[in-house]
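Visitor: Before we start, here is the structure in question, set down as structure tokens.
The values are calculated or read from the model by the stated rules, or taken from the named source; none is laboratory data. No experiment lies behind these values; they were computed from the predicted model shown. Accessible surface is based on the protein model in full, side chains and every heavy atom, while ligands, DNA and RNA are left aside. Shrake-Rupley method; radii C 1.70, N 1.55, O 1.52, S 1.80 Å.
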Amino acid sequence: MNGSDKEHCRCFQTQQSDIEKCKGGLEDLGFRLPIAQENHGQVFGLTLKLEELLQLHFKVMPDGLIESEIEPPASYPIAHLDHVNCFAAHQATRNLLNDLGIHYKTNTPVPITCIRPKTKKPDNPIHVNTIILGTLIAFGVVGVLVNGWHKSKKN
């Protein structure tokens, strides 16, 4: 397996000539650009919401190497950043490539994290809207306290 992230599947590689076909096929299935995505040199990266707490993240590198994982969506930022909630999307990637008619080769050996991924959904994650609301309330409380402190100093 290339790279050090055991939660990523890097077992499949397509031909460079099939990268755009792959992207178009994924978009036709409902894959979209993620809210925020680090650039790791990928040609494209797309996500598909599988359920409220899980999304499939699919990236293709310039040489055709495919990197995929199942992870919490960015709308749950704390869970999204906690790699314990991420796992390799080996079987989903194989199924997608087959369904889209994308030719690929399988890189061997296939790591155990792809054969038997340790799946763990986030436990009661906090939605980004809750974080924003909490931050606004906190700033409001601080503003009221500072304003009250300034008024008491004047008296």
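Visitor: If I ignore ligands, DNA and RNA and count only protein heavy atoms, how much of ARG32 is accessible to a 1.4 Å probe, in Å² to the nearest 10?
Guide: Result for ARG32: roughly 130 Å² accessible.
Visitor: With every protein chain kept in the model, how would you rank ASP63, ASP18 by accessible area, 1.4 Å probe, largest at the top? Don't skip to the end; give the middle numbers.
Guide: Details: ASP63 80, ASP18 20 Å².
The ranking, largest first, comes out as ASP63, ASP18.
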